[in-house]
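The values are calculated or read from the model by the stated rules, or taken from the named source; none is laboratory data. All values derive from a computational prediction rather than experimental measurement. Cβ sites come from the backbone with ideal geometry, for glycine too, and all protein chains shown count toward neighbours.
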Amino acid sequence: MKVEISQERATRLLSSGNVILATSAYKDRSNIITLAWKTPLSHKPPLVGISIAKSHFSCELVEKSEEFVINIPDVNLLEKVVFCGKVSGRDTDKFKETELTPIKAHRLINAPLISECMGNLECYLRDIREFGDHKLFVGEIIYAQAEENLFDQAWDVDKIRLIYHLGGIFFTSSDKMIKVK
Ligand SMILES: Cc1cc2nc3c(=O)[nH]c(=O)nc-3n(C[C@H](O)[C@H](O)[C@H](O)COP(=O)(O)O)c2cc1C
């Protein structure tokens with residue numbers, strides 16, 4: 001038997017892939033936001049979309065700076081991921097509070113990378129679309145890097161546990177590699 005899921009909860013039936021930390025910077029402010037809603041959009045050019053609520057500080061920073069960085073945390077960073085997803089950067093320096101280390105991007109981008117994350121994707125903003133209370137920011141990946149022992153053709157999930165958000169206070173993590181011939 002299936003039960004009805006409220007419209008408000010219906011998006012929880014979809015897994016949005018692994019949770020990321022998106023960093024942004026504008027003038028003298030930089031910030032970290034936790035995001036579950038992100039998606040690859042195109043191979044050529046390599047485009048990715050991140051969906052940010054209009055009320056969030058990061059929405060303003062990404063729109064003004066026209067760039068963002070996607071950082072890939074593993075499960076060891078879960079506490080910091082939850083913190084960056086609860087507190088607004090408007091009145092808190094999340095780098096300071098979490099003790100995550102900002103490092104300079106490889107390309108001409110002001111948004112910092114997070115050193116403790118296992119991968120980083122530097123993106124130039126290419127498009128913005130409004131959907132209800134969120135804005136979808138489309139970024140072109142201009143540089144990407146990952147820990148060499150954890151990523152070959154894909155994340156080696158026998159070695160790294162990526163974080164997945166199931167909604168609300170519920171999370172899970174990647175477990176073991178399944179190869180299909
Ligand atoms: C696991 C998790 C996933 C989240 N995913 C999103 C998301 O995809 N889009 C969004 O706008 N907010 C998302 N949030 C909420 C923001 O991260 C949160 O409101 C944050 O404090 C906003 O920060 P800012 O105001 O500094 O930008 C998520 C929070 C958590 C804990």
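Residue-wise test of (1) more than 12 Å from the chain's Cα centre (by Cα); (2) outside any loop (DSSP other than H, G, I, E, B); (3) at pLDDT below 95.
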site	(1), (2), (3)
VAL3	yes, no, yes
THR11	yes, yes, yes
LEU21	no, yes, no
LEU41	yes, yes, no
LEU78	yes, yes, no
VAL87	yes, no, no
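Restricting the search to segment 66-110, which residues are in contact (Cβ under 8 Å) with a residue 60 or more places away in the chain and among the hydroxyl-bearing types (Ser, Thr, Tyr)?
Within segment 66-110, THR98 is the sole residue that qualifies.
For the condition within 29 Å of GLU8 (Cα to Cα) and at pLDDT 95 or above, what is the one hit in LEU113, LEU136, LEU166?
LEU136
With respect to LEU125, is the statement that it is modelled with pLDDT of 95 or more, part of a strand (DSSP E or B) and within 16 Å of the ligand (Cβ to nearest atom) true? Give the derivation first.
Numbers: modelled with pLDDT of 95 or more: yes; part of a strand (DSSP E or B): yes; within 16 Å of the ligand (Cβ to nearest atom): yes.
Taking the combined requirement at face value, the residue satisfies it.
Yes/no matrix, rows are residues, columns are (1) of a type outside the set (A, V, I, L, M); (2) under 17 Å from PRO40 (Cα atoms); (3) surrounded by 14 or more Cβ atoms within 10 Å (Cβ to Cβ):
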{"residue": "ASP133", "(1), (2), (3)": "yes, no, no"}
{"residue": "ALA144", "(1), (2), (3)": "no, yes, yes"}
{"residue": "GLU148", "(1), (2), (3)": "yes, no, no"}
{"residue": "PHE151", "(1), (2), (3)": "yes, no, yes"}
{"residue": "GLY167", "(1), (2), (3)": "yes, no, yes"}
{"residue": "PHE171", "(1), (2), (3)": "yes, no, yes"}
{"residue": "MET177", "(1), (2), (3)": "no, no, no"}
{"residue": "VAL180", "(1), (2), (3)": "no, no, no"}
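What pairs can you find where one residue is in segment 114-128 and closer than 14 Å to ASN76 by Cα, the other is at pLDDT 95 or above and among the acidic types (Asp, Glu), and their Cβ atoms are less than 6 Å apart, with a gap of 6+ or different chains?
Listed pairs, sorted by first residue: MET118/ASP74; MET118/GLU147.
Consider segment 16-65. How many of its residues are among the small types (Gly, Ala, Ser), under 15 Å from SER88 (Cβ atoms) and without any contact (Cβ under 8 Å) to a residue 60 or more places away in the chain?
Taking segment 16-65 first, the residues among the small types (Gly, Ala, Ser) are 16-17, 22, 24-25, 30, 36, 42, 49, 51, 53, 55, 58, 65.
Narrowing further to those that are under 15 Å from SER88 (Cβ atoms): 22, 24, 30, 53, 55, 58.
With the extra rule that they be without any contact (Cβ under 8 Å) to a residue 60 or more places away in the chain, the set shrinks to 22, 58.
Residues meeting the conditions: 2.
Just give me the residues in segment 52-69 being within 10 Å of the ligand (Cβ to nearest atom) and surrounded by fewer than 18 Cβ atoms within 10 Å (Cβ to Cβ), in sequence order.
ALA53, LYS54, SER55
For segment 23-39, enumerate the residues that are within 9 Å of the ligand (Cβ to nearest atom) and assigned to a strand (DSSP E or B).
The answer is SER24, ASN31, ILE32, ILE33, THR34, LEU35, LYS38.
Looking at (1) farther than 23 Å from PRO40 by Cα; (2) more than 7 Å from the ligand (Cβ to nearest atom); (3) surrounded by fewer than 18 Cβ atoms within 10 Å (Cβ to Cβ), can you tell me which one LYS86 breaks?
With (1) farther than 23 Å from PRO40 by Cα; (2) more than 7 Å from the ligand (Cβ to nearest atom); (3) surrounded by fewer than 18 Cβ atoms within 10 Å (Cβ to Cβ) applied to LYS86, the lone miss is (2).
Considering only residues that are on the phi > 0 side of the Ramachandran plot and under 18 Å from the mean Cα position of the chain (by Cα), which ones fall in segment 132-181? Before you say what the answer is, go through the steps one by one.
Within segment 132-181, the subset on the phi > 0 side of the Ramachandran plot is 132, 167-168.
Correct list: GLY167, GLY168.
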